[in-house]
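This report refers to the structure that appears directly beneath it.
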Amino acid sequence: RGYVQTRNTTMLGGDEGVNLWSDRSVGDDKSLGDADKNFLIRRARVIIFGDYGDHLSYYIQPDFASSASGTNNIAQLRDAYGDVNFDKTKVHRIRVGQSKVPYGFENLQSSSNRLALDRNDALNSAVRDERDLGAFYYYTPTDVQALFEEINKQGLKHSGNYGMFALGLYNGQGANRAEQNDNYHVVSRLTYPWKTQSGQIYEAGIQAYKGEYVSTTGAYSRRNPATGALASATPTLGTGTPLSGRNGIDDERVGISFIMYPQPFGIQAEWNWGNTPGLDITKNVIEKKSLNGGYVQAMYKIDNFQFLSTNGTLIPFIKWQYFDGYNKAETNSPENHVNDWELGLEWQLAPELELTAVYHRMNRTNLVTGNRSSASAANNLPARVDYENFKAEALRVQLQYNF
Amino acid sequence: RGYVQTRNTTMLGGDEGVNLWSDRSVGDDKSLGDADKNFLIRRARVIIFGDYGDHLSYYIQPDFASSASGTNNIAQLRDAYGDVNFDKTKVHRIRVGQSKVPYGFENLQSSSNRLALDRNDALNSAVRDERDLGAFYYYTPTDVQALFEEINKQGLKHSGNYGMFALGLYNGQGANRAEQNDNYHVVSRLTYPWKTQSGQIYEAGIQAYKGEYVSTTGAYSRRNPATGALASATPTLGTGTPLSGRNGIDDERVGISFIMYPQPFGIQAEWNWGNTPGLDITKNVIEKKSLNGGYVQAMYKIDNFQFLSTNGTLIPFIKWQYFDGYNKAETNSPENHVNDWELGLEWQLAPELELTAVYHRMNRTNLVTGNRSSASAANNLPARVDYENFKAEALRVQLQYNF
Amino acid sequence: RGYVQTRNTTMLGGDEGVNLWSDRSVGDDKSLGDADKNFLIRRARVIIFGDYGDHLSYYIQPDFASSASGTNNIAQLRDAYGDVNFDKTKVHRIRVGQSKVPYGFENLQSSSNRLALDRNDALNSAVRDERDLGAFYYYTPTDVQALFEEINKQGLKHSGNYGMFALGLYNGQGANRAEQNDNYHVVSRLTYPWKTQSGQIYEAGIQAYKGEYVSTTGAYSRRNPATGALASATPTLGTGTPLSGRNGIDDERVGISFIMYPQPFGIQAEWNWGNTPGLDITKNVIEKKSLNGGYVQAMYKIDNFQFLSTNGTLIPFIKWQYFDGYNKAETNSPENHVNDWELGLEWQLAPELELTAVYHRMNRTNLVTGNRSSASAANNLPARVDYENFKAEALRVQLQYNF
């Protein structure tokens, strides 16, 4: 089982040389880093899973579209875990290995299910690649298991079963990253689905985590606060000797989630608040900062949409997202301000084919570190300050196939 | 399904310190880069494929013998595409994702099918790893589909069905490489197979593509044109400010193909002409250059060859290839002159096992960039000019198993 | 088929800042390199294997927990070979590709079968990752095949069938590494299992290999023999011009193995002697050195161990290992002194789940190259000599699942 997502982006206007950190196909030939792309394989996932005996459900998911030091489309693990089931009811489970950290509904929802092309920055910045290495206890009563399955069967794009209640310990540096300090992150989540007499299903959840995170630093281009001159600088993890942030900076959040499943009209909204390591550009120091942000999404599900010989499903949607925070997992944990609108249409032509088109109006920070503090005469690109805000519009198209 | 190729090369004479860019097992302990090898896993491919529903044929092929920054035998994508079939006849298809670019017969033929150990440089230099990210339309009438299948079933080493007619758009920098400029390559191909009354099958094709390619540059060792002294240099992409080749240099070709399938005697020949980015060593500039080259191969298929308890197929072959051009996808797009003879024997012991032995007489350019402009006293290797021609002979052996 | 091992280590006492080269989860926040970890995926293996036709058994095993230049959990080959069977009895086989080198019983035993979490250093230092690229002939009479299978079926943790007699040629630089010199390593092994009238099974073996190995060098921190000052240095491969060790240094060993399978009490012991490339820190030269070392392990197999609803197998074990040698495959081939005790318990809850806990008393060399010849004021870590001995105790826990 698996899925592959191929994307193509057309810039429609606004600032030039922009980057969307979560999608390298957005941008033009003046963009930073891996500049403009035409076609991009965003995800190529193959899933090896099954039950073995009475006590094990295993799940191994490599992504074949990962990158390692400039080499693209390398296979890298996303998930590799086993659910140790206490008994056949699967009410109590302990999940050990690398898996999604139970924080946020959209984070837990598979990218193959999500309407929007990327997750919202506000909650997704909580856990790098949504995953970490750890041990998680999940409690799911059988009636909640049944309702979760019903949501899925109706094609309502559920998050998957991450327990009605979850409690876990994990390394805290994110998927496929080495642990840096000698302590754990702890996370907990409670989510509850219910169905009204009309058949309408709702779900509401609350989640929180706490730990200490060690940011990655690198040279970036900033304007000297005193002279105003552009220069390359590398931030420090806190101040003093030894550095106050050497073993991590407070990383803690609480978030709420609400979903009214699209039967046919639906609403999905999440918000979170917390503290995080973040870069203070003026001081050139990464220190404890506060954050808040989330999104609201409305969608409408049209079944039996017929076109030529196809009989599919059409889901128009609109999403607004806001973030006033920092992306700890990007180099230098830069400040990230987002105020984006997305107007999209997902067309499931057949169970095996999905075409999504999104008009995306971006008003956000460029999180890619360019470190171009002086102009490059040869390739005619001027010097640039890093981590600036930009406004741009793009038409983004994705073809996904499932197998 | 998949296959694994293990190779072993013995140098029989000629110049020392040579490299064959397409096979790291060729060379000795004075060769450049990843010098001499004894055993080498050249390809280890596992294919995940199938039809899903009425509209999708998917195909994902990682290679487990790829390298990333000095680490060998890493898994990297070769193919990851979906064929969106208009209907069940598969006459019209759109292929989206990373796949082979329909340019050349030998390029499209699977390495598990090819008689010679490597493809000819002249046509293979058109597309890095034969593949790119894009969208391709394929048109194959049902009678042509049937003839393609017949060729395959008779064990005549077909290219696979890449349409009777093909038209596609792709990024243009080659498989697993980031797009560099904001434009597409466009490619088209027409191939037509026919069968005479005697049952002899022929195929003839024509193909062309056009785009702009951005070369990769790196330090190399050259003789200063004025003083004759060896020194390290890095070429520029064109001239002027901004560099004239910053967003790519013309990359366009047209090629013809002819195949008389081995029933039992066969001939296969291809040739192509075009323009390409190429390094002018004297000027130390990469600029638009012209190229031409191809190959002629004759083979004879002996069925039911019995040896001990095996009943297999034996195919002796001879191949001559010529190239007067440049390999754009290698670092610095160096000039490449090839005039090689190969005399080989493929023995299919059983469907699962193939042993190939080739006497290879090389007269070609060493495309590996050594950048050794001064002698290394410690390891006793002298300074060397890069991209020189060499002559050498080798006995190359390959064991391939299919599963 | 496959297995995944997730580990978690708690340091119980002894020196700080230690590293166990074979397990990155051992250590604390003062450890060198990839310092302390909490959770670690040690192995994530997926095996693609089968018989195809009468002459081929194929076996491809990628590991999804490999690292490439700082990127973790990348897929990399462990095995990729085909057994060419002379006939259906499989008495005579030639194995071509990357596979385990037949040297040592514990080396050949799958990590999914081994009681101790890591292999003994003395024999495991013979072949990097136990594997290399080559061609190996295996001879296994049918009665020995039958006894090998019986050992396996009884759950006695056999090595797998690497022939009663083995003879092979291989590159010699270890798995996934490029060959460096133009010669082969040659290896041979003879192992013989027998069963007494009481049903007790024994196995004894002898093995040897010979070749020349080219070490990898890098900067390390050493105390200047004259002044006693800490400084960074990079060793040379032998002495003179050209360097005497440029094409390799003698690498040759002979080893013996004895196993009394646990029915229920068992003993397993191996020892080896030989010559190896090794670093002389005083001279700062890698040269020919001698080595010897091995281990003795005793275990007791308790079947039908019942706990709650499980009915499993419990195997307590004790292992002592000793090594007075060098680890050629680590950077700079440093000296390695080991005198370790392990007291462990493997609990197979079910065929699909194994939990192992080991109390490990380490007295050994830190083989990780830190190259920290001056103190790091910012992160408060002092300067350190590399390759020093340490003593420490740890509680190591592993959950393995098989599928």
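Remarks
- Region A:364-388 - residue that is under 22 Å from A:THR276 (Cα atoms) and more than 14 Å from every other protein chain (Cβ to nearest Cβ) and, of those, surrounded by the fewest Cβ atoms within 10 Å (Cβ to Cβ): A:GLU388
- Failed item, numbered, when C:ARG42 is tested on (1) open to solvent by 20 Å² or more (accessible area, probe 1.4 Å); (2) within 14 Å of chain B (Cβ to nearest Cβ); (3) out of contact with any Phe, Trp or Tyr (no Cβ under 8 Å at 6 or more places or on another chain): (2)
- With respect to the conditions (1) surrounded by fewer than 19 Cβ atoms within 10 Å (Cβ to Cβ); (2) part of a strand (DSSP E or B), A:LYS30 falls short on a single one, namely (2).
- Among the conditions (1) within 14 Å of another protein chain (Cβ to nearest Cβ); (2) among the β-branched types (Val, Ile, Thr); (3) under 30 Å from C:LEU349 (Cβ atoms), A:ILE74 misses just one, which is (3).
- Just one residue in the set C:TYR59, C:TYR81 is within 14 Å of chain B (Cβ to nearest Cβ), open to solvent by 30 Å² or more (accessible area, probe 1.4 Å) and assigned to a strand (DSSP E or B); that residue is C:TYR59.
- So C:SER232, is it of a type in the set (Gly, Ala, Ser), open to solvent by 10 Å² or more (accessible area, probe 1.4 Å), part of a strand (DSSP E or B) and in contact with a helix residue (DSSP H, G or I) (Cβ under 6 Å, 6 or more places away or on another chain): no
- Tally, over region B:339-363, of residues that are open to solvent by 10 Å² or more (accessible area, probe 1.4 Å) and either of a type in the set (Lys, Arg) or within 14 Å of chain C (Cβ to nearest Cβ) (or both): 8
- Criterion violated by C:ASP129 - all others in (1) of a type in the set (D, E, K, R); (2) within 13 Å of chain B (Cβ to nearest Cβ); (3) assigned to a strand (DSSP E or B) satisfied: (3)
- All positions within region A:40-56 that are under 21 Å from the mean Cα position of the chain (by Cα) and part of a strand (DSSP E or B): A:LEU40, A:ILE41, A:ARG42, A:ARG43, A:ALA44, A:ARG45, A:VAL46
- Residues satisfying the stated conditions in region C:289-318, i.e. assigned to a strand (DSSP E or B), open to solvent by 40 Å² or more (accessible area, probe 1.4 Å) and over 30 Å from C:ALA219 (Cα atoms): C:VAL296, C:TYR300, C:ILE302, C:ASP303, C:ASN304, C:PHE305, C:GLN306, C:PHE307, C:ASN311, C:PRO316, C:ILE318
- Among residues of region A:84-110 being open to solvent by 10 Å² or more (accessible area, probe 1.4 Å) and either among the polar types (S, T, N, Q) or closer than 22 Å to A:PRO351 by Cα (or both), the one that is farthest from the chain's Cα centre (by Cα) is A:THR89.
- Residue among B:GLY2, B:GLY53 that is open to solvent by less than 20 Å² (accessible area, probe 1.4 Å), within 10 Å of another protein chain (Cβ to nearest Cβ) and not aliphatic (A, V, I, L, M): B:GLY2
- For the condition within 14 Å of chain C (Cβ to nearest Cβ), farther than 16 Å from A:GLU330 by Cα and open to solvent by 60 Å² or more (accessible area, probe 1.4 Å), A:LEU190 does not qualify.
- Consider region B:131-141 and keep the residues that are in contact with a Leu (Cβ under 8 Å, 6 or more places away or on another chain) and surrounded by fewer than 23 Cβ atoms within 10 Å (Cβ to Cβ). The one that is farthest from B:SER333 (Cα to Cα) is B:TYR137.
- Residues of region C:87-115 that turn out to be among the basic types (Lys, Arg) and assigned to a loop (DSSP other than H, G, I, E, B), as a count: 3
The values are calculated or read from the model by the stated rules, or taken from the named source; none is laboratory data. Quick caveat, the model's predicted, so the values are computed rather than measured. Methodologically, a virtual Cβ is constructed for each residue, glycine included, from the backbone with ideal geometry; neighbour enumeration extends over all protein chains shown. Side chains are part of the model used for accessible areas, which takes the heavy atoms of the whole protein and leaves out ligands, DNA and RNA. Shrake-Rupley method; radii C 1.70, N 1.55, O 1.52, S 1.80 Å.
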